[in-house]
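The values are calculated or read from the model by the stated rules, or taken from the named source; none is laboratory data. It should be emphasised that the depicted structure is a prediction, and the values quoted were computed from it without experimental measurement. Neighbour counts run over all protein chains shown; Cβ positions are idealised from the backbone, glycine included.
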Amino acid sequence: MDLKSKIKDLKEKKNAVILAHYYQVPEIQEVADYIGDSLGLSQKAAETEADIIVFAGVHFMAETAKILNPSKKVLLPDLEAGCSLAESCPPRNFKKFIESRPGHTVVTYVNCSAEVKALTDIVCTSSNAIKVVESIPKERPIIFAPDKNLGRYIMQKTGREMVLWDGSCVVHEAFSIEKLLEVHNEHPDAKIIAHPESEEHILKSATFIGSTSEMIAFVKKYQGDKFIVATEAGILHQMQKEVPSAKLIPAPAIEDNTCACSECAFMKRNTLQKLYDCLLNENPSVEVERHIREKALIPIERMLELSK
Ligand code: 13P
Ligand code: SF4
């Protein structure tokens, strides 16, 4: 039996579900029960009846699934699959940041640790961030963390002032505007679509800005057109599969950057073999201490309630 068949077999025997993010390698996407963006994945995690959740994504995503399912086993193929954004916001520093700004409503992007979520009033993802911020009464000042690029974008869209934490995603900050415009000159008929974690100059050049699943939905709407895609390259697999007629061009990254290929090294730590091994051994699993988990659940549930 090949590895994919073995995974499918084991998954059924153990009543496990495989949730995968669009940035995973194609072979992982192919064995997943559900592929989605951060919101879709947390919604699926909240409603699953499986005994085991295999989270093919990064640590904060698996942690969110564990917070929603404390009695279930949540497995992550590689525990080192972190996130530069989550790392840019150490809980201790963030606590001080909040304490020095009393009276603020704390909104955090889901790309942060459980400890940071435990300090949060409401969580958001890139697909509901505007809705979440608009749900906060106008007179309330807001702290937004950890992504300054998404934060700035929300401020522009909502007209709300927010105090921003200075964090960013190493992959989305690696796109080169000069090269992007060069590619656009070569393909003037292409629409530039971008994830809001990208820098302001990239977003200004984009026809459409949205979460990973919103970007796929946009491409679906225009079928046979050409698109320059400014987000992690793993999305191209599912995008092309869902819209075979679309011509997709990955947005170029700065050459001397470690992420020159616009791939997320954290997401790519997961492999099909590691996925199989973790399902077989039921290890590594993601754990969250009870006192953190109980506090972090509240802002996640607020977000899910608002996103129904
Ligand atoms: P999405 O929620 O849009 O999938 O974003 C997740 C992410 O990590 C983007 O870098
Ligand atoms: Fe984190 Fe960026 Fe990787 Fe997304 S692409 S998981 S934000 S490092």
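Can you list the strands (runs of 3 or more DSSP E) found entirely within the stretch 18-76 that contain at least 2 residues being buried (at least 19 other Cβ atoms within 10 Å of the Cβ), under 13 Å from the mean Cα position of the chain (by Cα) and touching a residue at least 60 places away in the same chain (Cβ under 8 Å)?
Answer list for the stretch 18-76: 34-36, 52-56.
Which number in (1) acidic (Asp, Glu); (2) touching a Phe, Trp or Tyr at 6+ places or on another chain (Cβ under 7 Å); (3) in the same structural domain as LEU39 (by TED's automatic domain parsing) marks the one condition that GLU232 misses?
Only one criterion in (1) acidic (Asp, Glu); (2) touching a Phe, Trp or Tyr at 6+ places or on another chain (Cβ under 7 Å); (3) in the same structural domain as LEU39 (by TED's automatic domain parsing) is unmet by GLU232, namely (3).
Restricting to the stretch 83-105, name every residue that is buried (at least 19 other Cβ atoms within 10 Å of the Cβ), outside any loop (DSSP other than H, G, I, E, B) and within 16 Å of ligand 2 (Cβ to nearest atom).
Listed by number, the residues that qualify are SER84, LEU85, ALA86.
When the residues of the stretch 131-175 are narrowed to those that are buried (at least 21 other Cβ atoms within 10 Å of the Cβ) and in a loop (DSSP other than H, G, I, E, B), which ends up farthest from ligand 2 (Cβ to nearest atom)?
TRP165
Could you please tell me which pairs satisfy a Cβ distance under 6 Å, a separation of 6+ or placement on different chains, a first residue in the stretch 106-126 that is on the phi < 0 side of the Ramachandran plot and surrounded by fewer than 24 Cβ atoms within 10 Å (Cβ to Cβ), and a second residue that is in a strand (DSSP E or B) and at pLDDT 95 or above?
VAL106/ILE143; ASP121/THR105; ASP121/VAL106; ILE122/VAL107
Tell me, yes or no, whether the stretch 219-233 has at least one residue that is assigned to a helix (DSSP H, G or I), β-branched (Val, Ile, Thr) and either closer than 21 Å to LEU180 by Cα or within 16 Å of the chain's Cα centre (by Cα) (or both).
Checked against the condition, which is being assigned to a helix (DSSP H, G or I), β-branched (Val, Ile, Thr) and either closer than 21 Å to LEU180 by Cα or within 16 Å of the chain's Cα centre (by Cα) (or both), the stretch 219-233 yields at least one hit.
On the basis of being within 16 Å of ligand 1 (Cβ to nearest atom) and either among the hydroxyl-bearing types (Ser, Thr, Tyr) or touching a helix residue (DSSP H, G or I) at 6+ places or on another chain (Cβ under 6 Å) (or both), does ALA246 make the cut?
Answer is no for this residue.
Restricting attention to the stretch 12-29, and to residues there that are in contact with a helix residue (DSSP H, G or I) (Cβ under 7 Å, 6 or more places away or on another chain) and aliphatic (A, V, I, L, M), which single residue is farthest from ligand 2 (Cβ to nearest atom)?
Here the residue is ALA16.
Taking into account only those residues within the stretch 270-304 that are of a type in the set (D, E, K, R) and within 19 Å of the chain's Cα centre (by Cα), which is nearest to ALA114 (Cα to Cα)?
Here the answer is GLU301.
Of the residues that sit in the stretch 155-174 and are hydrophobic (A, V, I, L, M, F, W, C) and in contact with a helix residue (DSSP H, G or I) (Cβ under 6 Å, 6 or more places away or on another chain), which one is farthest from GLY82 (Cα to Cα)?
Per the criteria, the residue is MET162.
A quick yes/no check of all residues on (1) modelled with pLDDT under 95; (2) within 16 Å of ligand 1 (Cβ to nearest atom); (3) at positive phi:
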{"position": "ALA190", "(1), (2), (3)": "no, no, no"}
{"position": "ILE193", "(1), (2), (3)": "no, yes, no"}
{"position": "ILE202", "(1), (2), (3)": "no, yes, no"}
{"position": "ALA217", "(1), (2), (3)": "no, yes, no"}
{"position": "ASP225", "(1), (2), (3)": "yes, no, no"}
{"position": "CYS259", "(1), (2), (3)": "yes, yes, no"}
{"position": "SER262", "(1), (2), (3)": "yes, yes, yes"}
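Against the conditions (1) in contact with a Cys (Cβ under 6 Å, 6 or more places away or on another chain); (2) in a loop (DSSP other than H, G, I, E, B); (3) not aromatic (Phe, Trp, Tyr), where does GLU80 fall short? Just the number, please.
Going through the list (1) in contact with a Cys (Cβ under 6 Å, 6 or more places away or on another chain); (2) in a loop (DSSP other than H, G, I, E, B); (3) not aromatic (Phe, Trp, Tyr), GLU80 breaks only (1).
Six or more apart or on different chains, Cβ under 8 Å: which pairs go from a residue in the stretch 79-101 that's without any contact (Cβ under 8 Å) to a residue 40 or more places away in the chain to one that's within 16 Å of ligand 1 (Cβ to nearest atom) and not basic (Lys, Arg)? Could you list them?
What qualifies is PRO91/SER113; PRO91/VAL116.
Of the residues ALA194, ALA251, ALA265, ALA206, only one is crowded, with 19+ Cβ neighbours inside 10 Å, small (Gly, Ala, Ser) and within 16 Å of the chain's Cα centre (by Cα); which?
None of the other options fit; the residue is ALA194.
Taking GLU232 as meeting all but one of (1) surrounded by 15 or more Cβ atoms within 10 Å (Cβ to Cβ); (2) farther than 30 Å from THR120 by Cβ; (3) of a type in the set (Asp, Glu), write down the number of the exception.
The one condition GLU232 does not meet is (2).
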